[in-house]
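To keep things clear, I will list the structure first and then write my remarks on it.
Coordinate-derived values only; no laboratory data. Since we're looking at a predicted model, the values are computed, not measured. Note that each Cβ is placed from the backbone with ideal geometry, even for glycine, and that neighbours are counted across all protein chains shown.
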Ligand SMILES: Cc1cc2nc3c(=O)[nH]c(=O)nc-3n(C[C@H](O)[C@H](O)[C@H](O)COP(=O)(O)OP(=O)(O)OC[C@H]3O[C@@H](n4cnc5c(N)ncnc54)[C@H](O)[C@@H]3O)c2cc1C
């Protein structure tokens, strides 16, 4: 079996350094030999009831091993951050694919969301004091964090709608409001919230009403109303919380970058994160295909006397899955390369393409794998059911498909005049050619 570095698509191979290729193989080995076997142990250590919101001890051993292997904080891209491991987005994207195959791999290497995006915010926009207090322990993997934007009472896919109030009061800001779907809030190590709210709700520019502020999780006035489930899974110990903020007071220096700069900070955070999520979903799809191949060739389970792989339809599923994963991977790597050569803003279109395409593709592949297992595919005996629930949320989290499609559609639609002009110009040339050759239209001939 070729290693991960030997499987890098030919078209991007020249963009991957030897160091990154070597690290990619170490990542693959770590995921195969340490993380995937540890997944069920991690779940078992969580236990039942209140014990689920605890910290499974196996994670510390995995982190220790990852650090010994030099696998730590690979997400902070070369050329953009000095704190990272020096890989490009494309190189890290290839590693993310491996992480996406396992429940524990991203956290074990300190590359898990939402900490990665929050660390990017602090590294890019934080003051020296904010970095000392919050970025350093996050980079060390000592604490965890949440990104706090979505609210239950408004359509939060349009972030200009958020209402949580951040009001200046002397040397402090006071927060009032509610947030939900706050991932990571269940983890006892979660010590800091990065919150988007409104400092200036009446600002005439609706993109200048918001600010981002750092709030310690133990600040007075924060309560967890309830934890939310994802298709019945609690996602412990990470979890997704509904939080209430009542007169929560933090020092004024906790604002990030300055008042009214919330959108600017938020947009800086989002681009690379979407690529990382997309590559993890590619990894999930690859893992699902591995499970599909295993069941399709299981000698002990032959419906109607034949292996599933001897049934034409299943072979077609295998072939389609291979094509779709490989095509989607190229879309994501292209977006990563576009960020590397420009930045997240110049790569908006490529990032949106990857964000939309990949989870839909991965869900199709996972669903085929589920189907090959019959009833076993929907229960806890394979990772497929949980994997499906996880990937399904990617179509909503970080902006739903429809919002991204709308944006992409509008952008593409701007080419309408250019498309029409080109067709018109070609028709004019055709007419001139008819004239020159003394012929008349007969047969296919474009007309607007
Ligand atoms: C598992 C999970 C984890 C999450 N983690 C976090 C987190 O850590 N922090 C956080 O702040 N949030 C988090 N979220 C919330 C997530 O970011 C929001 O759910 C998402 O932005 C959509 O907002 P909404 O739920 O308010 O949906 P709404 O804005 O109410 O949208 C509802 C639906 O409207 C449709 N729609 C929206 N825009 C358009 C459009 N332009 N055209 C056509 N249709 C449209 C879409 O179908 C969309 O699904 C998480 C969500 C999930 C499921």
How much of the pair distance distribution for the chain lies past 41 Å, counting alpha-carbon pairs only, in percent? 24 percent
The simple spin-label model distance between residue 299 and residue 396, using points 7 Å out along Cα→Cβ, in nm, is 4.5 nm
Compute the Cα gyration tensor for region 145-256, then decide on rounded, prolate or oblate, letting a ≥ b ≥ c be the square roots of its eigenvalues: rounded whenever a/c is under 1.5, prolate when a/b is larger than b/c in the other cases, and oblate in all that remain. oblate
Which whole number of Å³ per residue matches the convex hull of the alpha-carbon atoms in region 13-126? 102 Å³
Simple label model, 7 Å out from Cα along Cβ direction - residue 375 to residue 172, nm: 5.9 nm
Ranked highest first by average number of other Cβ atoms within 10 Å, how do 271-284, 388-401, 129-142, 100-113 line up? 271-284, 100-113, 388-401, 129-142
Highest to lowest packing among 121-127, 304-310, 65-71, scored as the average C-beta count within 10 Å: 121-127, 65-71, 304-310
Given the -39500 (n - 2.57) contribution per DSSP H run of 4+ residues, what per-residue ellipticity at 222 nm results for the chain, rounded to the nearest 500 deg cm²/dmol? -15000 deg cm²/dmol
Once you place label points 7 Å from the Cα toward the Cβ at residue 220 and residue 55, how far apart are they in nm? 2.7 nm
Kirkwood Rh, Cα atoms: Rg over Rh of region 179-308: 1.19
Choice from 96, 146, 190 showing the highest fluctuation, given a GNM over the chain with Cα pairs closer than 10 Å: 190
Just want to confirm a number: the relative contact order over the chain, from Cα pairs under 8 angstrom separated by 6+ residues, in percent. 12 percent
Given just the C-alpha atoms of region 264-402, how large is their convex hull per residue in cubic angstrom? 100 Å³
Using a cut-off of under 19 Å, list every residue of region 260-289 whose amide N is near the label point 7 Å from the Cα of residue 367 along the Cα-to-beta-carbon line. 281-289
Packing-ranked peptide list from 242-253, 326-337, highest mean Cβ count within 10 angstrom first, is 326-337, 242-253
